[in-house]
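Below is one structure; the comments refer to it alone.
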Amino acid sequence: TWEMFRPIVESYVEQWDAAGRDPTDRRIGCCSHVWIGPDGAEARDRWEKRYVRYLTAVDRWVRESHERAGLDAPGRSMVGDYDAMLSSVAICGSPEEVIDRMGVAAETLSLDTQLALVDLGGAPLDEITDTIEMLGETVIPSVASL
């Protein structure tokens with residue numbers, strides 16, 4: 001959840017201030033996997049197999065990287081219950097749902113920057129373009145005004 005990152009942000013702010021840096025120069029950002037559709041339920045259904053495919057590939061890459069480095073592979077997989085994944089840093093839904101989720105992230109973590117990774121799991125270009133357009137036309141202006 002966003003809450004789990006709060007101690008990291010608090011530590012960053014403390015270290016920034018302790019170094020005597022100008023608070024107005026400080027930036028706090030996060031990156032989320034994002035998928036947007038006109039209808040939230042349809043977006044979640046459409047994205048599920050793609051997101052699980054992406055996370056499965058990342059898990060494989062992490063395991064292989066650990067093996068090549070002679071390290072024990074992590075005991076936990078990134079792939080889990082889809083609804084649980086969507087309640088953490090993955091954001092999927094209608095533009096309004098995405099605005100709400102990004103708003104919670106911004107408020108919880110004092111964000112001024114949010115990165116949206118949208119090209120995951122082999123989505124067709126036209127659907128990626130639709131997501132980017134909804135992000136730019138609806139989500140970003142709303143989140144920026146929070």
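The values are calculated or read from the model by the stated rules, or taken from the named source; none is laboratory data. Treat the numbers as computed from the prediction; the structure is a model and nothing was measured. Glycine also receives a Cβ, built like all others from the backbone with ideal geometry; neighbour counts cover every protein chain displayed. Calculation scope for accessible area: heavy atoms of the full protein, side chains included, ligands and nucleic acids excluded. Shrake-Rupley method; radii C 1.70, N 1.55, O 1.52, S 1.80 Å.
When you check residue 50 against the structure, is it at pLDDT 90 or above and open to solvent by 40 Å² or more (accessible area, probe 1.4 Å), yes or no?
On the way: at pLDDT 90 or above: yes; open to solvent by 40 Å² or more (accessible area, probe 1.4 Å): no.
No: the conditions fail for residue 50.
Out of everything in the range 16-29 that is part of a helix (DSSP H, G or I) and modelled with pLDDT of 95 or more, what residue ends up being least open to solvent (accessible area, probe 1.4 Å)?
16
Can you find a residue in the range 8-15 that is within 18 Å of residue 109 (Cβ to Cβ), aliphatic (A, V, I, L, M) and assigned to a strand (DSSP E or B)?
Filtering the range 8-15 down to residues within 18 Å of residue 109 (Cβ to Cβ) leaves 8-15.
Now drop any that are not aliphatic (A, V, I, L, M), which leaves 8-9, 13.
Keeping just the survivors that are assigned to a strand (DSSP E or B) gives none.
No: the range 8-15 contains no residue that is within 18 Å of residue 109 (Cβ to Cβ), aliphatic (A, V, I, L, M) and assigned to a strand (DSSP E or B).
Which count do you get for residues in the range 93-117 that are surrounded by fewer than 18 Cβ atoms within 10 Å (Cβ to Cβ) and touching a residue at least 60 places away in the same chain (Cβ under 8 Å)?
Final tally of qualifying residues: 7.
Just for helices (runs of 4 or more DSSP H) wholly inside the range 55-137: which have at least 1 residues that are modelled with pLDDT of 90 or more and among the hydroxyl-bearing types (Ser, Thr, Tyr)?
Working: elements: 82-86, 95-109, 125-134.
Helices (runs of 4 or more DSSP H) meeting the threshold: 95-109, 125-134.
Can you say whether residue 32 is touching a strand residue (DSSP E or B) at 6+ places or on another chain (Cβ under 6 Å) and open to solvent by less than 30 Å² (accessible area, probe 1.4 Å), as far as the supplied structure shows? Give the derivation first.
Values: touching a strand residue (DSSP E or B) at 6+ places or on another chain (Cβ under 6 Å): yes; open to solvent by less than 30 Å² (accessible area, probe 1.4 Å): yes.
So residue 32 fits the description; yes.
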